[in-house]
Amino acid sequence: MVRVTAHNIISPLGCTSQENFDRVVSGQTGIALQSRGELSDSDFQAALLDMEVLKDKISELTNAEEFTKLEQLCLLSLNEVLEGVDVKSDRTGFIFSTTKGNITEIEADSHSENALLATTANKIAAYFGFQSQAQVISNACISGLAAFVIARRYIDAGIYDNVVIVGADVLSKFIVSGFQSFQSLSAEPCKPFDGDRDGLTLGEAVASVVLSKTDAIANAGIEVVSGAISNDANHISGPSRTGEGLYRAITRTVGSDDAVDCICAHGTATPYNDDMESYAISRAGYEHTPVSGLKGYFGHTLGAAGVIESIISIMAMQNDLVIGTKGTVNQGVVAPVCVAKENIQKPVSGLLKLMSGFGGCNAAVYFKKHGE
């Protein structure tokens, strides 16, 4: 059995998982209209970190000035989850999940090795003394959830007993302008699955999680039961209109005897993504299962999204709660799904987390709650 043993989130909503969860449950959002010339020539909606809030914690890092903003955030988050984890053992793995990493390093030097994702991962791993080879997962927006799938496979294969995952992305003009060029950013906070949705909202954050092997089912907490990754092979940015790849990821993840009490969707609020997800969810037979989307609280945090949204979702599961989808007022997708507009108190023992991304990539992970 593989279970979640520790986690942390640092986002505009708080510096711990509990702070973030409490604010999400209360309906707070980190999204606001931003006037940041270093990120965009025009105002835009986004959930941005307040680095002043983190200044004191960053100053406590050893040689903090030697690390970029992204790296500092990863170190802060990992500090909160590594107690009791033997990072110097070759039985402990480390995965760094991101989409763009330190992409701003190419502004001063287009050939800078500091912009390489492997360089960033190795730098973070060296800070803590990890002995195993650092792994990088950068597969568009599914990166964070794909890390869960790969980590579970490592443990199941007997390669590691523990795997530490950190997912992080911070915004830059490179990233913001890229989404603006696709005309995929909404002028308002995103509206997942709403009939009036017209684009996504970006966010920045970091999240860490530890997955560990356990032989005891009793008191095992949250189990990472299974997961799958697929690809539509459809388009460089657009998803399959029928949701074929996500449908296959779902059916390869959830068995006929697995109870799915809640689905945490990708829910970007772009017209095609939400329609595609509705097709996949409905085709898999979950049209009556409550669906929750979390990007109305955090924005789309790219490589961190799958980690953050999994943590919030399993905390909701532990509290027998389905979190309402902020921004959804009038559901408007092409296939029948049951989008939760408000928080719902109900027994939740099985949770399906979904992510999709550019290039047609898709990921699904099934979490199960055991007695605590």
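Number of residues in region 157-177 that are of a type in the set (D, E, K, R) and either surrounded by fewer than 24 Cβ atoms within 10 Å (Cβ to Cβ) or outside the structural domain of Ala205 (by TED's automatic domain parsing) (or both) equals 2.
Checked against (1) of a type in the set (Gly, Ala, Ser); (2) within 23 Å of the chain's Cα centre (by Cα); (3) at pLDDT below 95, Ala108 passes all but a single condition, namely (2). Would you be able to tell me the number of residues in region 243-260 that are acidic (Asp, Glu) and either under 25 Å from Gly199 (Cβ atoms) or within 20 Å of the chain's Cα centre (by Cα) (or both)? Selection size over region 243-260: 1. On the given criteria, is Leu200 at pLDDT 95 or above and in contact with a Leu (Cβ under 7 Å, 6 or more places away or on another chain)? Yes; evaluated as a whole, the condition is true for this residue. Taking the stated definitions as given, is Val339 in contact with a strand residue (DSSP E or B) (Cβ under 9 Å, 6 or more places away or on another chain) and over 29 Å from Ile236 (Cα atoms)? Against the criterion (in contact with a strand residue (DSSP E or B) (Cβ under 9 Å, 6 or more places away or on another chain) and over 29 Å from Ile236 (Cα atoms)), Val339 does not qualify.
So if I check each of Tyr160, Tyr127, which one is over 24 Å from Glu38 (Cβ atoms), in a loop (DSSP other than H, G, I, E, B) and either among the charged types (D, E, K, R) or touching a helix residue (DSSP H, G or I) at 6+ places or on another chain (Cβ under 8 Å) (or both)? Every option except Tyr160 fails the conditions. Quick check on Val87: is it surrounded by 16 or more Cβ atoms within 10 Å (Cβ to Cβ), within 30 Å of Glu342 (Cα to Cα) and of a type in the set (Val, Ile, Thr)? For Val87, the condition - surrounded by 16 or more Cβ atoms within 10 Å (Cβ to Cβ), within 30 Å of Glu342 (Cα to Cα) and of a type in the set (Val, Ile, Thr) - is not met. Number of residues in region 250-280 that are of a type in the set (D, E, K, R) and over 27 Å from Asp320 (Cβ atoms): the value is 2. Here the condition is being in contact with a Leu (Cβ under 7 Å, 6 or more places away or on another chain) and under 26 Å from Pro347 (Cβ atoms); of Ile263, Ile281, it holds for Ile263 alone.
Filtered by the rule that a residue be within 19 Å of Val225 (Cα to Cα), surrounded by fewer than 24 Cβ atoms within 10 Å (Cβ to Cβ) and of a type in the set (Gly, Ala, Ser), region 245-291 gives Gly255, Ser256, Ala259, Ala284. Among the residues of region 44-66, just one is polar (S, T, N, Q), surrounded by fewer than 20 Cβ atoms within 10 Å (Cβ to Cβ) and touching a residue at least 24 places away in the same chain (Cβ under 8 Å), namely Thr62.
The values are calculated or read from the model by the stated rules, or taken from the named source; none is laboratory data. This one's a predicted model, so the numbers in the text were calculated from it and none came from an experiment. Cβ: placed from backbone, ideal geometry, glycine included. Neighbour counts: every protein chain shown.
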